[in-house]
1. Give me the percent relative contact order of region 14-176, please, defined on Cα pairs under 8 angstrom at least 6 residues apart.
2. I need the phi-derived Karplus couplings for region 34-40: 6.51 cos²θ - 1.76 cosθ + 1.60, θ = phi - 60°, integer Hz, Gly and Pro marked x.
3. Taking amide H atoms as placed 1.01 Å from N in the peptide plane, list the residues 5 or more away in sequence, or in a different chain, whose amide H sits under 5 Å from that of Leu17.
4. Please get the size of the charge dipole for the chain, origin at its Cα centre, with Cβ charges of +1 on Lys and Arg and -1 on Asp and Glu, quoted in debye to the nearest 20.
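Every read-out reported here was derived from the displayed coordinates using simple, explicitly stated rules and does not represent laboratory data. A quick note: this is a predicted structure, and the numbers were derived from the prediction, not measured. Don't worry about glycine lacking a Cβ; one is built from the backbone with ideal geometry, like all the others, and counts go over all protein chains shown.
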Amino acid sequence: MSYASGSYGAAPAMVNLYSGWCEEDWGPKTAPSSGTWESANRAVYFAILVPSQVTVRRVWWANGSSVSASYNIDAGVYADAGAKPGARLVSCGSTAQGTASSVQFASVTSTVIAPGRYWIAIACSSTSATFLRSTTVASLATDAAARFEEASALPLPATATPVESSNANAYLFGFATTASP
């Protein structure tokens, strides 16, 4: 995919699958609801298209109704490597899950990314942890251009070794282009 030069306006403060920067038109079609994590220590990767240069200042995820400080999460951004996630550009490292039913932010080293395809990633240590997610995008389970996963990937690895997805969950998470709300 080529990216035209020009003005795209301000980048969204919170880039995610619901912000209009998702790959193709497979993004979630319904409002997310609380649901459990799919497999302990699994990382999931979702393609996003960044139309103009942005700075990743924080990562974030939307906690569901059941959380615990003993559940650990890592979220980050990966470079594209031939239509798959490749090298990790930035992540927060293993972070204790915070308050139920709220957005949780985690600090990262500010990282500038140019226009192009990237992969947002999230991993969790426990299948008891809950997040806001949509499960209505059944095509995600078979669309390798949209979603990949990786077992035993907490904390997120320096280089992704993803496999095609076996699940259709679309989590509400991403990165922030602002340093504070």
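1. It comes to 37 percent, rounded to a whole number.
2. Per residue, the Karplus-derived 3J(HN,Hα) values read 5, x, 6, 5, 6, 6, 4 Hz.
3. Phe173
4. 340 debye
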